[in-house]
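Accompanying notes for the structure given below.
The values are calculated or read from the model by the stated rules, or taken from the named source; none is laboratory data. Small disclaimer: the values here were computed from a predicted structure and weren't measured. A quick note on method: Cβ atoms are made from the backbone with ideal geometry, for glycine too, and the neighbour counts reach across all protein chains shown.
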Amino acid sequence: MIFSLWRDSSGGRFFVRIQYIAQTMNQIRAGGGLTLSAPPASQILMIRACKSASPRLGCNWVTFDRDAHQAIDPARVDFVAE
């Protein structure tokens, strides 16, 4: 999964887009390597909090941040100081 942060050039707002990339079952069965001519499958994922947003544009950062904080139980996360 790839989480990417995008910035709207006209308004300066930030958006998050999540993309899932993986080999297809046929690619796995064939045992061949991934190449530019045989790349893995790719799918942009819809973010639950942003059902009305365009998947290509992504989810507004403020909405994504709020939803992520509500979904993650802080008691189950270990924070490591760098």
State whether the residues of region 51-64 include one that is closer than 19 Å to MET1 by Cα, of a type in the set (Ser, Thr, Tyr) and either under 16 Å from the mean Cα position of the chain (by Cα) or not in a loop (DSSP other than H, G, I, E, B) (or both).
yes
Consider only pairs whose beta carbons are under 6 Å apart and that are at least six residues apart or on different chains; among these, list those whose first residue lies in region 58-77 and is free of Cβ contacts under 8 Å to residues at least 24 places away in the same chain and whose second residue is in a helix (DSSP H, G or I).
THR63/ALA49; THR63/CYS50; ASP67/ALA49
Does ILE2 qualify as being surrounded by 12 or more Cβ atoms within 10 Å (Cβ to Cβ) and touching a strand residue (DSSP E or B) at 6+ places or on another chain (Cβ under 9 Å)?
no
Which members of region 10-25 meet the condition of being within 12 Å of LEU57 (Cβ to Cβ), under 17 Å from the mean Cα position of the chain (by Cα) and of a type outside the set (Val, Ile, Thr)?
PHE14, PHE15, ARG17
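If you take the residues of region 14-52 that are charged (D, E, K, R) and modelled with pLDDT under 90, which of them is surrounded by the most Cβ atoms within 10 Å (Cβ to Cβ)?
Checking each candidate, the answer is ARG48.
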Please give the number of the condition SER42 fails out of (1) among the small types (Gly, Ala, Ser); (2) under 16 Å from the mean Cα position of the chain (by Cα); (3) assigned to a helix (DSSP H, G or I).
(3)
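Listed here are the residues, each with its yes/no results for (1) assigned to a loop (DSSP other than H, G, I, E, B); (2) small (Gly, Ala, Ser); (3) in contact with an Asp or Glu (Cβ under 8 Å, 6 or more places away or on another chain).
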| position | (1), (2), (3) |
| --- | --- |
| LEU5 | no, no, no |
| SER10 | yes, yes, no |
| ARG17 | no, no, no |
| LEU34 | yes, no, no |
| SER37 | yes, yes, no |
